[in-house]
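Below is one structure; the comments refer to it alone.
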Amino acid sequence: MQKIEDHSGTKYYLITLKVNGDSYTRAVKANTLLVNVLREDLDLTGTKKGCELGDCGSCTVLLDGKPVNSCLILALEADGHEITTIEGLAQNDKPDKLQEAFVENAAIQCGYCTPGMIMSAKALLTRNPHPTEGEVREAIAGNLCRCTGYVNIVKAIMSAAEEQQ
Amino acid sequence: MGDNYEVIGKSVPRIDGVAKATGRAKYTGDLKFPNMLVGKILHSPHAHARILNIDTSEAEKLPGVKAVITHRDVPSTKYGLSPARWDETIFCIDKVRFVGDKVAAVAAVDEETAYKALKLIKVDYEVLPAVFDPYEALKEGAPQIFEEYPGNVNTEIHQHFGDVDKAFEEAYHVRRDFFSGQRTYHSPLEPHASIAFWEGDKVTIYCSTQSVHYLQYHLARVFGMPMGNIRVLKTHVGGGFGGKIDPTGLDFSAVKLSQITGRPVKMLFDRKEMFYNNRGRHAQYMELTTGVTKEGKILGVHANFVMDGGAYTGLGVASAYYAGALLTVLYDFDNYKFDMVRAVTNLPGCGAQRGHGQPQPRFAFESHLDHIAEDLGIDPLEIRIINARKPKTVTINDFRVDSYALKEALEKAREISGWRDKKGKLPPGRGIGVGNGGFVSGAGYPCYRTDLPQAVAIIKVHDDGSMATLYTGAVEIGQGSDTVLLQMAAEAMGYPLEKMRIVASDTDLATHDFGAYASRQTLMSGWAVKKAGEEIKDKILKTAAEMMLVVPEQLDVKQGIVFLKAHPEESLTFEEVARTYFVKYGQLIGQGSYKPPKLGGTFKGAAVGTSPAYSAATQVAEVEIDEETGEIKVIEAWDVHDCGMVINPALLHAQVHGAFYMGMGESIWEEVLFDENGDVANGNLAEYRMPTALDMPPVTSELVDSIDPNAPWGVKEVGEGATTPTMACLANAIYDAMGVRIESLPLTYEKVWRALKEKREKEKEKA
Amino acid sequence: MYLPDFEYYAPATLSEACDLLEKLGPEAKVFAGGTDVLSKMKQELLFPKAIVSLKNLGGLSEIRLGNNNDVIIGAKATHNNLIDSPVLQEKYPSLCNAARQMANNQVRNIGTVGGNIVNAVPSADLPPLLIALGAKIKLVGATGERVLPLEDFFTGPNKSVIEQDEILTEFIIEEQPFTGSTYIKFALRRSGALAVASVAAAVAMEGNVCRKARIVLGAVAPTPLRAKKAEEMLTGKEITDELLEEAGSAASKESKPISDIRGSEEYRRDLVRVLTGRALRKAINEGHV
């Protein structure tokens, strides 16, 4: 990681993130969080900030395929890693099956938890294509939703899993 | 229901679903404007202190800081959502009244600089004694928080209808119980956000709000500007639940900071600041006395309540009235007395949260009613059926209730939950409980005194008829109003939903509406939309009649086809008729406006609780208790709702799921706690425990047929009413399981554990 | 929220890291997953001037069988690495289950075992069971390394015997006489909640006779706490319901809980009694679960 200093002595690091298949190189300070690089530098605002402490899951992205809270990851620590955000799921603007299942099952209300919720569900279905309802609930237990009571969210994930079959 | 309709009554997917599922949906905090600054508010570290001096010079010197403002830079006009008590200023002037009170604000080039600048503002305080408990606050000699509220009494209510004392004398049984409800917070997932920028003497504010109108009104009032010079609009809103109806410090600060710097200013609350801003549910202390006949018929009720308002009033006076007003709706009785004192304390100000003021009184009353049923040896569900209000009646406090199917809801809930097989027959540790609730379908009167209509809608059909746009001031905050209102517009016009667009909640481009609160939009905004759609339909039929050489009465229009009722094969498309109209008469526009008739009585506070229509709901839930630890597991829940005609069943049932979820969280897990200095002790989502997917049981949501004559197509509310039965339903289920009554919310594991322990000790003593 | 400024170092070797820590002094903080460090910094509970990231240090996240069937867990293994580890699933599935109870899936993907220990939070989920299983830890410092029982590591809330220049590198669980072990957590929500009280138990059973028992309590003392009197009561005894109840009561007496926003002292004490009985029963009857 290359380190640069500006005139005032503030240090910047050159990092490269592979986000949704594309490489981005940016100069960031040590205290820059991954969520802020995604939202502010790359304009990928589908990743939300809800609690900023890893309690709500709104900022969930996949880091090398694993769901993580991007609010608790230094951008420097993500250097060289592959990141998938909610914007990376749709192909040529066609929503992913899981995204469609959320829409069709009325699993979305305010929508603020939705991107993070879908990323957690995506990671689950990739790893475990035919989860039980309990496994679905466990996988999204780190994603709080204030609107839906999770009823239709669980239904949507289960239906997307069935469709994969 | 819905069989005779083309567009309403159908579970179409919400129109913003794909945008939200793909991450394209932009919320206020996602927006970026060129040259934008970031603002932050400095909050008081003391619960009660006099401000001696504020020195902003060091903060101003920090590179990247563009403006620092305090009370000296802004109007001192007092505000509050309800004009009943205007007692808040943009920034504190002489003293701070709770930890988190607003002292100053900064705008800087980025968030980090803004935070650093806050630390450089020096405020000298003289710390004053503080009071955090309403009973303490009401005692003689307690610290006085506001000059205008001697004895810290913010609101005092004494209402008496009929003769309660006489009713108690005549009663076979009179019972008194005491309950309490805790402070909770809405905790929408999206933190509040506001962005302001000026062009000349006009300011635009993007805001995560439940009402663009009220924000526009209050900004205009406080800054002394014409409302027309203030444009308030919103993008997607990540949940509100009552927490985004009041104007916040973000809105006022962003406007001022943007004016000073000439640059757009974005301001956000972090999670803890949301708890400071609060406006969540009041803590309430509720004594209930009820007299009944031997058969369980309620003769009279006395509700004697105390409420902790926190520091500023906002909508709190209405909360206080609501707490008592709606107790009269569910069950029919002729004698009622309501006494309430709302005290101010040195804690964050409370306000309206889903079910506004009445979920806790419902918890109290429904728990109380179970006790009465037990005293009389009547099944708890049966005593509710005995007392359930009938349609076309008027409550003792003058609310006219036209449609009301509570009895049917109770009967259906009894069926689908298997009540008869379960009540008293479940294995040890398991229990089943029932609770009733309901709500207004829109408050009869706006938050401030005005003769404005409740809602206005305009529909504009595109020149060639290929598309139509609905303009409404109704606010989509996740509940689905954009989708539902479009369904209503399409139905009224006879037009396909797929061709409709919406421009909503923008004070410049859309129309007037008071916004998303008091469960008002489906009924009230819906009325305006229906009328606008019907005006379009009239114009289309008249024009088509001219084209087809018939009279309009011979025609109808559905799904974009205008046809002769007698010979449906003879038809024109909506598009060609609309285009003809455009050529002949100009733009095809329909407009609708809705204002309810005069509602309610004439006594003091008679307006609160009035509504064109009332929903009703029964919930039944089953719980399992760990008798050694007190741990509560909610096994399953059933909700049966009388919510009138349903426009979108899928969205409606989703509202019920969410309402039960929130009610369940408040019942068992959620409570805003404070440390000894009055600072929020759990202002995060780890310790303010909203239930996770693992905590949520299966919920069955069902309906009973009901059509309200005062509503468009007979609709009523659902989103708030469905939160109101939950707390008692779970408390009653715990009682059924273990024979212990938890009288204070939340019904924590520890409280259940303690009650069980005390019960065992008592039994031992007896033996 | 924001993170205050700090210097960032990502040394390439362990010895470089230890030297750096020694040089930087007490204001430097070792950074593995960072979930705890960053959330504390955001809440202004921690103000490190420098962060020494372990991200470039290879080989510290392996979970493997060592000599004599020892289980070696690299300190950088995440909680989910534990859950997914075939070695642990085979030898100590109880550890997988304990790891599963920490926070939520996202945090388990980042939060490391080492971090869970070094933070020395009294309610942490892994220490009680690791202590019950007699785990040892290896601390590597600028001038050498030492191995000590995890039990001797904690000295108080957020306090331990680790020296400024030391880095926790691995856990060693030697082949145990225990026939069963488990961890029971009592929290106020099914996910994402800290323990109000927790109990880990490990037992070596011969028929119905308990040859050896370890009981470790979490969240009810300044550090994870061995309930030694309760352990002694069980040693060499035939297990009966009464004995388990007595052990629970003894453990309850040994606990030193405080009252806080999650529960009162009295409640916690009683939870210890109940959970101890349950944990023992589970370890006795179900093996390493």
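The values are calculated or read from the model by the stated rules, or taken from the named source; none is laboratory data. Everything quoted here is computed from the prediction, not taken from an experiment. Every residue, glycine as well, gets a Cβ built from its backbone with ideal geometry; the counts of neighbours run over all protein chains shown.
Can you go through B:L572, B:L555, B:L599 and tell me which one is in contact (Cβ under 8 Å) with a residue 24 or more places away in the chain and in contact with a helix residue (DSSP H, G or I) (Cβ under 6 Å, 6 or more places away or on another chain)? Break it down into steps so the answer makes sense when it comes.
Numbers: B:L555 fails: in contact (Cβ under 8 Å) with a residue 24 or more places away in the chain; B:L599 fails: in contact with a helix residue (DSSP H, G or I) (Cβ under 6 Å, 6 or more places away or on another chain).
Matching residue, one of B:L572, B:L555, B:L599: B:L572.
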- Message: Among the residues in region A:63-71, are any without any contact (Cβ under 8 Å) to a residue 12 or more places away in the chain, away from chain B (no Cβ under 14 Å), among the hydrophobic types (A, V, I, L, M, F, W, C) and out of contact with any Leu (no Cβ under 7 Å at 6 or more places or on another chain)?
- Response: yes
- Select from region C:233-276 the residues that are within 17 Å of C:A202 (Cβ to Cβ) and buried (at least 23 other Cβ atoms within 10 Å of the Cβ) and write down the one among them that is nearest to the other protein chains (Cβ to nearest Cβ). C:L275
- Query: Taking helices (runs of 4 or more DSSP H) that do not extend beyond region C:1-105, which have at least 1 residues that are over 30 Å from B:P191 (Cβ atoms)?
  - Reply: C:14-24, C:79-84, C:86-91, C:93-100
- Task: Would you be able to say whether some residue in region A:18-25 is more than 23 Å from C:F6 (Cβ to Cβ), touching a residue at least 12 places away in the same chain (Cβ under 8 Å), within 13 Å of chain B (Cβ to nearest Cβ) and of a type outside the set (S, T, Y)?
- Result: yes
- Message: For region C:31-65, give me the residue count where each residue is away from chain A (no Cβ under 12 Å) and closer than 27 Å to C:E174 by Cα.
- Response: 9
- Check B:V265 against each of (1) surrounded by fewer than 24 Cβ atoms within 10 Å (Cβ to Cβ); (2) in the same structural domain as B:P83 (by TED's automatic domain parsing) and name the one condition it does not meet. (1)
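Could you list all residues from region C:1-23 that are away from chain A (no Cβ under 14 Å) and either among the hydrophobic types (A, V, I, L, M, F, W, C) or under 29 Å from B:D110 (Cβ atoms) (or both)?
At the first step, the residues of region C:1-23 found to be away from chain A (no Cβ under 14 Å) are C:13-23.
C:L14, C:A17, C:C18, C:L20, C:L21 - these are the residues of region C:1-23 that are away from chain A (no Cβ under 14 Å) and either among the hydrophobic types (A, V, I, L, M, F, W, C) or under 29 Å from B:D110 (Cβ atoms) (or both).
For every residue, the table says whether it meets (1) under 24 Å from A:E138 (Cβ atoms); (2) out of contact with any Ser or Thr (no Cβ under 9 Å at 6 or more places or on another chain); (3) assigned to a strand (DSSP E or B); (4) not small (G, A, S).
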{"position": "C:P127", "(1), (2), (3), (4)": "yes, no, no, yes"}
{"position": "C:E163", "(1), (2), (3), (4)": "no, yes, no, yes"}
{"position": "C:V199", "(1), (2), (3), (4)": "yes, no, yes, yes"}
{"position": "C:V203", "(1), (2), (3), (4)": "no, no, yes, yes"}
- Message: Could you check region C:220-246 and list, in sequence order, the residues that are of a type in the set (D, E) and under 19 Å from C:L129 (Cβ atoms)?
- Response: C:E231
- Looking at B:E476, is it of a type in the set (D, E) and in a loop (DSSP other than H, G, I, E, B)? yes
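Considering region B:408-427 alone, what residues qualify as being under 16 Å from B:D639 (Cβ atoms) and part of a helix (DSSP H, G or I)? I'd like the intermediate steps shown before the answer.
If we filter region B:408-427 for residues that are under 16 Å from B:D639 (Cβ atoms), which is where we start, we get B:408-419.
Scanning region B:408-427 gives B:E408, B:A409, B:L410, B:E411, B:K412, B:A413, B:R414, B:E415, B:I416, B:S417, B:W419.
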- Message: One residue is enough: does region B:12-30 have a residue meeting the conditions touching a Ser or Thr at 6+ places or on another chain (Cβ under 9 Å) and more than 30 Å from A:T148 (Cα to Cα)?
- Response: no
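Please work out if A:L33 is under 24 Å from A:S120 (Cβ atoms), within 13 Å of chain B (Cβ to nearest Cβ) and buried (at least 19 other Cβ atoms within 10 Å of the Cβ). Talk me through it step by step, then tell me what you get.
On the way: under 24 Å from A:S120 (Cβ atoms): yes; within 13 Å of chain B (Cβ to nearest Cβ): yes; buried (at least 19 other Cβ atoms within 10 Å of the Cβ): yes.
Yes; evaluated as a whole, the condition is true for this residue.
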- Message: Of everything in region A:90-125, what is in contact (Cβ under 8 Å) with a residue 24 or more places away in the chain, more than 7 Å from chain B (Cβ to nearest Cβ) and not in a helix (DSSP H, G or I)? Give them in sequence order.
- Response: A:D96, A:N105, A:A107
- Going through region B:1-24 in order, the residues found to be buried (at least 17 other Cβ atoms within 10 Å of the Cβ), away from chain A (no Cβ under 12 Å) and of a type in the set (D, E, K, R) are B:E6
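Take B:S11 and decide whether it is hydroxyl-bearing (S, T, Y) and under 30 Å from B:G644 (Cβ atoms). Working first, answer last.
On the way: hydroxyl-bearing (S, T, Y): yes; under 30 Å from B:G644 (Cβ atoms): yes.
So B:S11 passes the test.
Residue-wise test of (1) in contact with a Lys or Arg (Cβ under 8 Å, 6 or more places away or on another chain); (2) surrounded by 21 or more Cβ atoms within 10 Å (Cβ to Cβ); (3) among the hydrophobic types (A, V, I, L, M, F, W, C); (4) not in a strand (DSSP E or B).
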site	(1), (2), (3), (4)
B:M225	no, no, yes, yes
B:G239	yes, yes, no, yes
B:K244	no, yes, no, yes
B:E295	no, no, no, yes
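One line per residue, one yes/no per condition, for (1) hydroxyl-bearing (S, T, Y); (2) in the same structural domain as C:N109 (by TED's automatic domain parsing):
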| site | (1), (2) |
| --- | --- |
| C:V30 | no, no |
| C:L38 | no, no |
| C:L46 | no, no |
| C:N67 | no, yes |
| C:T78 | yes, yes |
| C:D84 | no, yes |
| C:K91 | no, yes |
- Whichever residue in region B:688-714 is within 21 Å of the chain's Cα centre (by Cα) and closer than 23 Å to B:R271 by Cα and, among such residues, is farthest from the other protein chains (Cβ to nearest Cβ): B:Y688
- Can you name the residue in region B:268-297 that is within 14 Å of chain A (Cβ to nearest Cβ) and hydrophobic (A, V, I, L, M, F, W, C) and is also nearest to B:A516 (Cα to Cα) among such residues? B:M274
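Scan B:G678, B:G721 and give me the residue that is closer than 30 Å to B:P45 by Cβ, in contact with a Phe, Trp or Tyr (Cβ under 9 Å, 6 or more places away or on another chain) and either more than 11 Å from chain C (Cβ to nearest Cβ) or acidic (D, E) (or both). Don't jump to the end; show me each part of the working.
Values: B:G721 fails: closer than 30 Å to B:P45 by Cβ.
Being closer than 30 Å to B:P45 by Cβ, in contact with a Phe, Trp or Tyr (Cβ under 9 Å, 6 or more places away or on another chain) and either more than 11 Å from chain C (Cβ to nearest Cβ) or acidic (D, E) (or both) holds for just one of B:G678, B:G721, which is B:G678.
Could you list, in sequence order, all residues of region B:278-293 that are surrounded by fewer than 24 Cβ atoms within 10 Å (Cβ to Cβ) and outside any strand (DSSP E or B)?
The one that is surrounded by fewer than 24 Cβ atoms within 10 Å (Cβ to Cβ) and outside any strand (DSSP E or B): B:T293.
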- Task: Report whether or not A:A78 is within 9 Å of chain B (Cβ to nearest Cβ) and of a type in the set (A, V, I, L, M, F, W, C).
- Result: no
- Message: Looking at region B:25-35, can you tell me whether even one residue there is more than 14 Å from chain A (Cβ to nearest Cβ), in contact (Cβ under 8 Å) with a residue 40 or more places away in the chain and closer than 30 Å to B:G64 by Cβ?
- Response: yes
- Query: Only one of these conditions is not met by A:N143: (1) within 13 Å of chain C (Cβ to nearest Cβ); (2) more than 25 Å from B:R14 (Cα to Cα). Which number is it?
  - Reply: (2)
- Item | Within region B:584-671, strands (runs of 3 or more DSSP E) holding 3 or more residues that are surrounded by 24 or more Cβ atoms within 10 Å (Cβ to Cβ) and touching a Leu at 6+ places or on another chain (Cβ under 8 Å) | B:616-625, B:632-642
